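Notes to accompany the following structure.
The values are calculated or read from the model by the stated rules, or taken from the named source; none is laboratory data. Please read these numbers as outputs of a predicted model, since none were measured by experiment. Note that each Cβ is placed from the backbone with ideal geometry, even for glycine, and that neighbours are counted across all protein chains shown. Surface accessibility is based on the protein's heavy atoms, side chains included, excluding ligands, DNA and RNA. Shrake-Rupley method; radii C 1.70, N 1.55, O 1.52, S 1.80 Å.
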Amino acid sequence: QIVDELTLRHGGADPLYEQLAKWDSQHQALTKNLNTWIETPPQQMGESSPPVWIAATERRQAADRIMACWRQNLRGAQAVESASGGYILDLSDNPLGNLPALPADFAHIGALNLNNVYLREEGLSDFLGAFTHVHTLALNANALSALPESVTSLNSLKRLSAVNNRFSNAPQLQRQLAGLSNLESLNLAENWLESLDVSPLTRLQALDLS
């Protein structure tokens, strides 16, 4: 019955089986990449005492969330169209370090929360590249010294929060932000900035630099 309904929805058997083959290919590639990421040797992060270790347990929990998020496609999730729609992927408060490449479709994700995950720049471009329609991104409390360059490729981004990091290079940050022409809300509180020019962000409605 499910196959019959899908056949009608996709206009015949051929489109249906093409979609099933696409999902199967994505599932295999995503599973492989996540397993490789989980099996990465434990790493110590930061200079805190006691030290923070990134291990398989935390990454497995995050991988389960990522896979569950991808499976929403199988339930008919559509690509984000509005500035507040779509699903949320929240990986916050888990020490993850570098993030895996995601060779799958996450266009249905509108908000991505990566707060306090001890984020690293390595591989972030391949991770963020899967979220082609994300409109809200949170990078709070990651001890980042600069905004990851890959963030500038998120053309649909309207809300960016990077509170409690270590941004100090205002010219570099201004150049990066200038490319995010759709930004409506920007929160950079608790950083190391002495000044910041946001005049190129003509759609900005909310700004916090406290």
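Could you list all residues from the stretch 101-135 that are farther than 23 Å from S82 by Cβ and of a type outside the set (A, V, I, L, M)?
P103, N115, N116, Y118, R120, E121, E122, G123, S125, D126, F127, listed by residue number.
What are the residue pairs meeting all of these: first residue in the stretch 157-180, first residue within 20 Å of N116 (Cβ to Cβ), second residue in a helix (DSSP H, G or I) and among the aromatic types (F, W, Y), Cβ atoms under 8 Å, and 6 or more apart or on different chains?
Qualifying pairs under 8 Å: none.
Tell me, which strands (runs of 3 or more DSSP E) wholly within the stretch 35-104 include 3 or more residues that are over 14 Å from the mean Cα position of the chain (by Cα)?
Answer list for the stretch 35-104: 43-45, 52-54.
Which ones in the stretch 137-177 are small (G, A, S) and either modelled with pLDDT of 95 or more or not in a helix (DSSP H, G or I) (or both)?
The answer is A138, A141, A143, S145, A146, S156, S161, A162, S168, A170.
How many residues are more than 15 Å from A146 (Cβ to Cβ), in contact (Cβ under 8 Å) with a residue 24 or more places away in the chain and open to solvent by less than 50 Å² (accessible area, probe 1.4 Å) if we restrict to the stretch 185-208?
Qualifying residue count for the region: 6.
Here is a list: R75, R71, R60. Which entry is surrounded by 14 or more Cβ atoms within 10 Å (Cβ to Cβ) and more than 16 Å from G129 (Cα to Cα)?
Only one candidate qualifies: R60.
A101 versus (1) under 20 Å from N187 (Cα atoms); (2) touching a residue at least 40 places away in the same chain (Cβ under 8 Å): which is the lone unmet condition?
(1)
Which of the following residues is under 20 Å from A138 (Cβ atoms), at pLDDT 95 or above and either of a type in the set (G, A, S) or open to solvent by 30 Å² or more (accessible area, probe 1.4 Å) (or both): S92, S84?
Answer to the selection: S92.
State all residues of the stretch 50-81 that are of a type in the set (S, T, N, Q) and in contact (Cβ under 8 Å) with a residue 24 or more places away in the chain; if no residue qualifies, say none.
Q61, Q72, N73, Q78
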